[in-house]
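All remarks here apply to the structure that follows.
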Amino acid sequence: MEYNFKTIEQDWQKYWADNKTFKAEEKSNKPKYYVLDMFPYPSGAGLHVGHPLGYIASDIYARYKRLKGFNVLHPMGYDSFGLPAEQYAIQTGQHPAITTQQNIARYREQLDKIGFSFDWDREVRTSNPDYYKWTQWIFIQLFNSWYNTNTNKAEKIETLVAEFAKNGNAQVKACTSQETIFSATEWNAFSEKEQQDILMNYRLTYLSEAWVNWCPALGTVLANDEVKDGVSERGGHPVERKLMKQWSMRITAYAQRLLDGLETIDWTESIKEAQRNWIGRSVGTSLKFKVQGGLKHRNFLVISSESNTNDFSEEPEDVYIEVFTTRPDTIFGVSFVTLAPEHELVNELTTNEYKQAVDEYVLYAKNRSERERQADVKKITGQFTGAYVVHPFTNEPIPVWIGDYVLAGYGTGAVMAVSAHDTRDYAFAKYFNLPIKEVVAGGDLEKEAYDAKEGKLVNSDFLNGLEVKEAIKKAIAIIEEKSLGKGKTNFRLRDAVFGRQRYWGEPIPVYFENGIAKVLSEDKLPLVLPEVDKYLPTEDGEPPLARAKDWTFETTTMPGWAGSSWYFYRYMNSQNKNEFASQQSINYWQDVDLYIGGSEHATGHLLYSRFWNKFLFDLGLVPKEEPFKKLINQGMILGTSEKIYRGNYNSSQLVGKLFCEKDIYMPGFFAKNIYYSAKNIEFAKANYTKIDELEHLSVLNVPIQNVKNSVLDISKIDDYQNSIFATKYGFWYKNEFHIYKGINGEPVIDNISETDKNFYTFQEVEKMSKSKWNVESPDDICDKFGADTLRLYEMFLGPLELSKPWNTNGITGVHGFLKKLWRLFYASGEFVVSNDEPTKAELKTLHKTIKKIVEDIERFSFNTSVSNFMICVNELTDAKCNKRAILEPLLITLAPYAPHIAEELWKQLGNKESITFATFPAFNESYLVDDTINYPVSFNGKTRFMLELAATMTAKEIEDHVMALADTQKYLEGKTPKKVIIVPKKIVNIVV
RNA sequence: GCGGAUGUGGCGUAAUUGGUAGCCGCGCCAGACUUAGGAUCUGGUGCCGCGAGGCGUGGGGGUUCGAGUCCCUUCAUCCGCACCA
């Protein structure tokens with residue numbers, strides 16, 4: 001009987017579904033293991049071959065852990081709120097829920113074909129009200145919490161209110177945007193509105209006027225991680241800065257803990273580093289510079305009716321510019337102070353003389369888009385304000401400049417410029433001819449700034465002679481002593497903007513009463529997404545939810561990362577109606593042991609979910625501070641686009657992409673000279689009716705490795721079997737016609753003149769996407785070779801973490817392996833398995849394989865395990881081995897990789913239960929001993945031999961072993977070894 | 001600029017972690033079977049050389065009896081962050 005993967009795979013997929021083979025239960029005396037995949041966004045394009053890569057890896061691991069005696073949780077679901085469904089809805093009027101539903105159905109069908117061992121009873125969908133009820137619930141908890149920096153955790157807002165009523169806010173240490181201090185008496189006298197406005201400055205999710213990334217094309221704001229190079233990550237639309245009233249998440253409260261937590265988890269260094277950069281901790285000090293003459297420069301008087309304390313007496317009030325620096329040691333090198341153009345003091349400081357120039361500069365900076373600003377960071381611009389500050393130690397006047405190299409949002413929006421020891425300050429000083437004052441010896445200031453943190457301080461009064469590190473300490477000490485500033489840690493991380501002006505997202509459960517934002521009471525949840533007539537913003541620019549009838553709630557919705565920040569807990573208890581998951585379930589499953597997914601979420605999902613998890617941890621709702629113990633980032637599978645060029649090699653024009661209906665590997669070819677191959681021409685004419693097109697045949701046939709982006713030496717070509725016939729409509733290759741298609745997938749048929757019929761193609765590797773027309777579907781592989789082949793092949797392609805282009809070149813090799821395995825059982829055409837005792841060699845093959853597979857799985861080296869299976873089956877085929885004692889353990893070992901064929905053969909061996917419930921075989925090291933001395937190496941007059949020995953052998957056993965073997969080995973030339981000395985590993989010194 | 005990776009046959013890769021470099025697969029070559037081959041089976045295949053032999057893990061240096069693996073240096077490619085004071 002042939003290996004009929006189609007029926008085998010269908011049958012077993014049905015069996016698994018019918019029997020709920022992979023159902024995970026909480027009652028078990030086995031240890032738990034949670035294997036999680038990053039759930040997909042169900043897009044209209046369906047799965048491509050890149051999606052299952054990580055799922056296959058996690059499935060192998062999950063199945064392996066089950067066989068190893070773990071109680072495994074391995075769920076799957078859908079991140080089903082998102083922009084594409086909404087865009088589609090805007091274009092077609094189709095409700096996004098319907099599109100999403102259809103896409104999910106399609107995804108499910110595709111996933112089922114691959115034979116994953118998911119427990120589908122636990123499926124979650126973030127757009128399902130039963131699910132987003134709890135996303136909203138978490139939002140409410142965040143709203144009702146503040147961050148206590150004394151206890152270093154989130155606490156209920158009631159504790160804060162009580163403290164305010166009792167002592168005011170002077171003693172409260174919190175992560176807050178509240179700037180003013182009030183007493184208990186004042187607090188109690190505040191109106192409700194005033195109190196709520198203050199509380200808003202403490203809440204972990206809060207409404208505030210903030211600079212946001214506004215994307216006009218998408219009509220919504222975006223979080224920092226959704227903006228790349230000044231354009232939106234989705235769609236590539238320009239993004240601008242805009243001041244808006246927005247919901248935000250106070251993730252900055254957790255900055256330090258998010259940083260510290262990285263030390264405790266097993267993630268790749270690159271992701272951890274990306275998060276560290278994103279959080280961007282820097283330690284330094286704040287420092288106040290007194291403005292010379294206070295605000296006497298102020299030359300326009302604002303008569304304020306609200307304020308009655310402004311009497312503009314002749315005495316100028318003291319005004320300070322506060323800066324943040326990591327190099328307080330260079331305080332004596334300050335040659336100017338630079339403010340961001342948006343800095344609040346700019347207006348007040350500027351003197352009459354410079355007012356016009358400053359105003360112009362501020363306007364210029366404001367109109368320069370974020371993108372421009374990023375694009376030409378080298379461009380130096382700035383303006384003197386006319387004002388001076390006083391150096392805190394020398395009392396010298398220091399000019400105050402504004403410049404857009406200083407960012408308003410970081411630190412205090414002002415820097416002390418030490419032009420000698422900071423690259424940007426240096427460039428600024430050179431450009432505007434400002435003084436450069438050396439205070440750390442060691443650099444060549446004629447050429448460039450010296451910003452290394454080593455060297456001795458000079459020209460620095462009390463710091464002179466100190467090393468930089470000591471000088472920093474001393475400077476901070478003195479600055480603090482003189483109350484000029486304070487040691488301080490700054491983070492680059494900003495609070496995350498949470499509201500989106502879109503329809504297809506979780507409604508924010510907030511309503512407004514007398515201008516006060518109030519959260520919905522928990523028993524009213526979920527706040528269900530209302531119906532709207534159109535999915536566009538209203539005419540007044542309100543978000544789509546403003547169109548809903550009788551909608552009295554917040555009109556922005558939550559961002560995509562809301563639902564995905566906690567979904568891994570919902571899987572633990574996905575049907576729960578009363579809690580986001582029961583405490584019992586959470587305490588049983590604890591956390592995710594293995595998380596597999598792409599690295600593109602490094603500063604998005606993977607940071608936000610750590611944040612939410614820490615918050616839930618603070619509330620005592622989850623037991624672990626970090627949600628994902630081990631993270632593996634699978635590489636991307638890239639698509640290969642075959643691009644067609646026309647014209648000469650050196651001056652050519654892209655006319656389209658080449659589409660092959662089947663999986664033919666097309667090398668780049670250069671169709672220039674015309675060659676004919678009679679045989680193929682005949683075939684072509686017989687099979688293709690538009691014979692006149694064949695007039696334009698350009699023929700080329702080339703051994704593939706001879707083509708290397710260069711014009712070919714055609715004189716060497718005589719292999720007509722592999723000829724390529726290029727016509728203006730397409731090309732013939734191996735007796736099939738392949739049409740050229742343009743960028744949009746349309747055939748390229750026009751625009752090609754008689755004289756310009758030279759085509760050539762090049763492969764370009766790029767990200768797989770529907771818009772690039774290079775998507776490869778896993779379905780085709782499943783249909784043609786089966787799911788087991790797809791699984792093995794995706795693993796075989798290379799190391800999991802590496803990005804690699806998709807090609808099907810090697811798939812027959814992997815498929816052949818399965819057929820070969822099948823033939824071990826069906827050598828005579830019928831199922832025959834022997835019950836004989838296996839030979840020593842057969843046992844060695846088996847145990848070697850088990851050992852390697854275990855090692856491979858444990859270090860996630862799935863590609864090598866496929867090779868090891870092939871070696872094993874090759875050896876067993878050579879030995880004509882069909883013994884049960886060998887094949888049965890082999891099938892269990894293989895089951896995680898190729899579950900369908902393993903199940904089928906397992907059943908035919910007479911087993912009643914699914915192979916899922918078998919026990920993974922242990923290997924026996926003693927079968928792996930080899931009796932031969934392999935080769936000699938000379939060392940210090942002695943002879944060393946490489947031996948393959950069992951790791952468990954004692955020194956005595958090795959010595960006896962070597963002595964017994966020695967005389968049979970030619971390397972000893974008949975001499976008897978006198979002494980055997982064992983050095984580390986498998987090397988043995990034999991003194992002759 | 002800072003940070004993270006990666007460099008091994010024609011290609012994807014492997015190497016028991018310091019021990020005979022190139023396992024396994026693709027491709028290619030030869031043969032068998034076949035109406036045919038994008039099927040199957042057998043053998044060969046790092047490079048140079050008829051050969052003995054020599055050379056080989058991006059380049060250069062070092063440690064070592066021994067280096068793809070460790071150290072120094074340099075080059076190339078990819079990814080992330082980027083005027084963060």
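Would you pick out the residues in the stretch A:58-85 that are part of a helix (DSSP H, G or I), modelled with pLDDT under 95 and surrounded by fewer than 24 Cβ atoms within 10 Å (Cβ to Cβ)?
A:LEU83, A:PRO84
For the stretch A:887-902, enumerate the residues that are touching a residue at least 24 places away in the same chain (Cβ under 8 Å) and open to solvent by 20 Å² or more (accessible area, probe 1.4 Å).
Going residue by residue through the stretch A:887-902, those that are touching a residue at least 24 places away in the same chain (Cβ under 8 Å) are A:887, A:889-901.
Result: A:PRO889, single match.
Could you list, in sequence order, the residues of the stretch A:794-803 that are near RNA strand B (Cβ under 8 Å from one of its atoms) and either open to solvent by less than 30 Å² (accessible area, probe 1.4 Å) or assigned to a loop (DSSP other than H, G, I, E, B) (or both)?
Filtering the stretch A:794-803 down to residues near RNA strand B (Cβ under 8 Å from one of its atoms) leaves A:796-799, A:801-803.
Correct list: A:LEU797, A:GLY798, A:PRO799, A:GLU801, A:LEU802, A:SER803.
Quick check: is even one residue across the stretch A:286-293 touching a strand residue (DSSP E or B) at 6+ places or on another chain (Cβ under 9 Å), open to solvent by less than 50 Å² (accessible area, probe 1.4 Å) and polar (S, T, N, Q)? Steps first, please.
Going through the stretch A:286-293, the residues touching a strand residue (DSSP E or B) at 6+ places or on another chain (Cβ under 9 Å) turn out to be A:286-293.
Now drop any that are not open to solvent by less than 50 Å² (accessible area, probe 1.4 Å), which leaves A:286-287, A:289, A:291, A:293.
Going one step further and asking which of them are polar (S, T, N, Q), we end up with A:286.
Yes; the residues of the stretch A:286-293 include at least one that is touching a strand residue (DSSP E or B) at 6+ places or on another chain (Cβ under 9 Å), open to solvent by less than 50 Å² (accessible area, probe 1.4 Å) and polar (S, T, N, Q).
Considering A:ALA162, A:ALA89, A:ALA174, A:ALA154, which residue is farther than 28 Å from A:ASP18 by Cα and open to solvent by 30 Å² or more (accessible area, probe 1.4 Å)?
One residue alone meets the criteria, A:ALA162.
Out of curiosity, is A:ALA922 among the aliphatic types (A, V, I, L, M), away from RNA strand B (no atom under 12 Å from the Cβ) and in a loop (DSSP other than H, G, I, E, B)? Break it down into steps so the answer makes sense when it comes.
Details: among the aliphatic types (A, V, I, L, M): yes; away from RNA strand B (no atom under 12 Å from the Cβ): yes; in a loop (DSSP other than H, G, I, E, B): yes.
Considered against the rule, which asks whether it is among the aliphatic types (A, V, I, L, M), away from RNA strand B (no atom under 12 Å from the Cβ) and in a loop (DSSP other than H, G, I, E, B), A:ALA922 comes out as yes.
Would you check if there is a residue in the stretch A:110-130 being surrounded by 23 or more Cβ atoms within 10 Å (Cβ to Cβ), modelled with pLDDT under 95 and assigned to a helix (DSSP H, G or I)?
Within the stretch A:110-130, not a single residue is surrounded by 23 or more Cβ atoms within 10 Å (Cβ to Cβ), modelled with pLDDT under 95 and assigned to a helix (DSSP H, G or I).
When you scan the stretch A:469-484, how many residues do you find that are outside any helix (DSSP H, G or I) and open to solvent by less than 90 Å² (accessible area, probe 1.4 Å)?
First pass over the stretch A:469-484, keeping only residues outside any helix (DSSP H, G or I): A:482-484.
Narrowing further to those that are open to solvent by less than 90 Å² (accessible area, probe 1.4 Å): A:483-484.
Residues that pass the stated criteria total 2.
Looking at the stretch A:395-414, is at least one residue open to solvent by 10 Å² or more (accessible area, probe 1.4 Å), on the phi < 0 side of the Ramachandran plot, touching an Asp or Glu at 6+ places or on another chain (Cβ under 8 Å) and without any contact (Cβ under 8 Å) to a residue 24 or more places away in the chain? Quick ask: steps written out before the conclusion?
Of the stretch A:395-414, the ones open to solvent by 10 Å² or more (accessible area, probe 1.4 Å) are A:395-397, A:399, A:401, A:404-405, A:407-412.
So of that shortlist, the ones also on the phi < 0 side of the Ramachandran plot come out as A:396-397, A:399, A:401, A:404-405, A:407-410, A:412.
Add one more test, that the residue is touching an Asp or Glu at 6+ places or on another chain (Cβ under 8 Å), and what stays is A:408, A:412.
Checking which are without any contact (Cβ under 8 Å) to a residue 24 or more places away in the chain leaves us with none.
Checked the stretch A:395-414: no residue is open to solvent by 10 Å² or more (accessible area, probe 1.4 Å), on the phi < 0 side of the Ramachandran plot, touching an Asp or Glu at 6+ places or on another chain (Cβ under 8 Å) and without any contact (Cβ under 8 Å) to a residue 24 or more places away in the chain.
Starting from residues that are open to solvent by 70 Å² or more (accessible area, probe 1.4 Å) and modelled with pLDDT under 85, keep the ones in the stretch A:804-829 and report whichever is farthest from RNA strand B (Cβ to nearest atom).
Our first condition is that a residue be open to solvent by 70 Å² or more (accessible area, probe 1.4 Å); within the stretch A:804-829, this holds for A:809, A:812, A:819, A:823, A:827-828.
Among the residues that remain, those that are also modelled with pLDDT under 85 are: A:809, A:827-828.
Working: A:ASN809: 3, A:ALA827: 12, A:SER828: 15 Å.
Only one residue tops the list, namely A:SER828.
Go through the residues of the stretch A:596-606 one by one and say whether even a single one is outside any strand (DSSP E or B) and in contact with a Gly (Cβ under 8 Å, 6 or more places away or on another chain). First the steps, then the outcome.
First, the residues of the stretch A:596-606 that are outside any strand (DSSP E or B): A:598-606.
Cutting the leftovers down to in contact with a Gly (Cβ under 8 Å, 6 or more places away or on another chain) gives us A:598.
Yes; the residues of the stretch A:596-606 include at least one that is outside any strand (DSSP E or B) and in contact with a Gly (Cβ under 8 Å, 6 or more places away or on another chain).
Which numbered condition in (1) open to solvent by 20 Å² or more (accessible area, probe 1.4 Å); (2) closer than 30 Å to A:ARG250 by Cα; (3) aliphatic (A, V, I, L, M); (4) within 16 Å of RNA strand B (Cβ to nearest atom) is the only one that A:ALA496 fails?
Going through the list (1) open to solvent by 20 Å² or more (accessible area, probe 1.4 Å); (2) closer than 30 Å to A:ARG250 by Cα; (3) aliphatic (A, V, I, L, M); (4) within 16 Å of RNA strand B (Cβ to nearest atom), A:ALA496 breaks only (1).
Only one of (1) closer than 23 Å to A:VAL283 by Cα; (2) within 12 Å of RNA strand B (Cβ to nearest atom); (3) small (Gly, Ala, Ser) is not met by A:SER460, so which one is it?
Checking A:SER460 against (1) closer than 23 Å to A:VAL283 by Cα; (2) within 12 Å of RNA strand B (Cβ to nearest atom); (3) small (Gly, Ala, Ser), the one that fails is (2).
Of (1) without any contact (Cβ under 8 Å) to a residue 12 or more places away in the chain; (2) open to solvent by less than 30 Å² (accessible area, probe 1.4 Å); (3) among the aliphatic types (A, V, I, L, M), A:LEU463 satisfies all except one. Which?
(1)
Looking only at the stretch A:537-585, how many residues end up being closer than 30 Å to A:GLU226 by Cβ and touching a helix residue (DSSP H, G or I) at 6+ places or on another chain (Cβ under 9 Å)?
28
Can you pull out the residues in the stretch A:591-607 that are open to solvent by 10 Å² or more (accessible area, probe 1.4 Å) and either of a type in the set (D, E, K, R) or modelled with pLDDT of 95 or more (or both)?
If the condition is that a residue be open to solvent by 10 Å² or more (accessible area, probe 1.4 Å) and either of a type in the set (D, E, K, R) or modelled with pLDDT of 95 or more (or both), then A:ASP593, A:GLU600 are the ones that fit.
Could you tell me whether the stretch A:614-627 includes any residue that is among the basic types (Lys, Arg), more than 15 Å from RNA strand B (Cβ to nearest atom) and open to solvent by 10 Å² or more (accessible area, probe 1.4 Å)? Spell out how you get there, then give the answer.
Looking only at the stretch A:614-627, we keep the residues that are among the basic types (Lys, Arg), and these are A:614, A:624.
Then keep just the ones that are more than 15 Å from RNA strand B (Cβ to nearest atom); that gives A:614, A:624.
When the remaining residues are screened for being open to solvent by 10 Å² or more (accessible area, probe 1.4 Å), the result is A:624.
Checking the stretch A:614-627: at least one residue is among the basic types (Lys, Arg), more than 15 Å from RNA strand B (Cβ to nearest atom) and open to solvent by 10 Å² or more (accessible area, probe 1.4 Å).
What number of residues in the stretch A:383-409 are of a type outside the set (A, V, I, L, M), within 15 Å of RNA strand B (Cβ to nearest atom) and under 18 Å from A:TYR354 (Cα atoms)?
So the first thing to find is which residues in the stretch A:383-409 are of a type outside the set (A, V, I, L, M), and the list is A:383-386, A:388, A:391-397, A:399, A:401, A:403-405, A:409.
The next check asks that each one be within 15 Å of RNA strand B (Cβ to nearest atom); those that pass are A:383, A:401, A:403-405, A:409.
From the residues that got through so far, the ones that are under 18 Å from A:TYR354 (Cα atoms) too are A:383, A:401, A:403-404.
Matching residues across the stretch A:383-409 total 4.
Go through the stretch A:773-793 and report how many residues are outside any helix (DSSP H, G or I) and either among the hydroxyl-bearing types (Ser, Thr, Tyr) or within 14 Å of RNA strand B (Cβ to nearest atom) (or both).
Step one: list which residues in the stretch A:773-793 are outside any helix (DSSP H, G or I), which gives A:773-777, A:785-786.
Right, trim to either among the hydroxyl-bearing types (Ser, Thr, Tyr) or within 14 Å of RNA strand B (Cβ to nearest atom) (or both) and you get A:776-777, A:785-786.
Total meeting the criteria: 4.
So, in the stretch A:840-886, of the ones that are outside any helix (DSSP H, G or I) and open to solvent by 60 Å² or more (accessible area, probe 1.4 Å), which residue ends up farthest from RNA strand B (Cβ to nearest atom)? Explain how you work it out, then say what you get.
Of the residues in the stretch A:840-886, the ones outside any helix (DSSP H, G or I) are A:859-861, A:879-883.
Within this subset, residues satisfying the condition of being open to solvent by 60 Å² or more (accessible area, probe 1.4 Å) are A:859, A:880.
Working: A:ARG859: 7, A:LYS880: 11 Å.
Taking the candidates together, the pick is A:LYS880.
Given the structure, is A:LYS549 modelled with pLDDT under 95 and not in a loop (DSSP other than H, G, I, E, B)?
Values: modelled with pLDDT under 95: yes; not in a loop (DSSP other than H, G, I, E, B): no.
Against the criterion (modelled with pLDDT under 95 and not in a loop (DSSP other than H, G, I, E, B)), A:LYS549 does not qualify.
Quick one: how many residues across the stretch A:16-37 are open to solvent by 20 Å² or more (accessible area, probe 1.4 Å) and either touching a Lys or Arg at 6+ places or on another chain (Cβ under 7 Å) or farther than 14 Å from A:TRP120 by Cα (or both)? Please lay out each step first, then the result.
Looking only at the stretch A:16-37, we keep the residues that are open to solvent by 20 Å² or more (accessible area, probe 1.4 Å), and these are A:17-20, A:23, A:25-33.
Still in the running and either touching a Lys or Arg at 6+ places or on another chain (Cβ under 7 Å) or farther than 14 Å from A:TRP120 by Cα (or both): A:26-33.
Within the stretch A:16-37, residues that are open to solvent by 20 Å² or more (accessible area, probe 1.4 Å) and either touching a Lys or Arg at 6+ places or on another chain (Cβ under 7 Å) or farther than 14 Å from A:TRP120 by Cα (or both) number 8.
The values are calculated or read from the model by the stated rules, or taken from the named source; none is laboratory data. This is a predicted model, so every value here is computed, not measured. Note that we place each Cβ from the backbone using ideal geometry, even for glycine, and neighbour counts take in every protein chain shown. All accessible areas refer to the heavy atoms of the entire protein, side chains included, with ligands and DNA or RNA removed. Shrake-Rupley method; radii C 1.70, N 1.55, O 1.52, S 1.80 Å.
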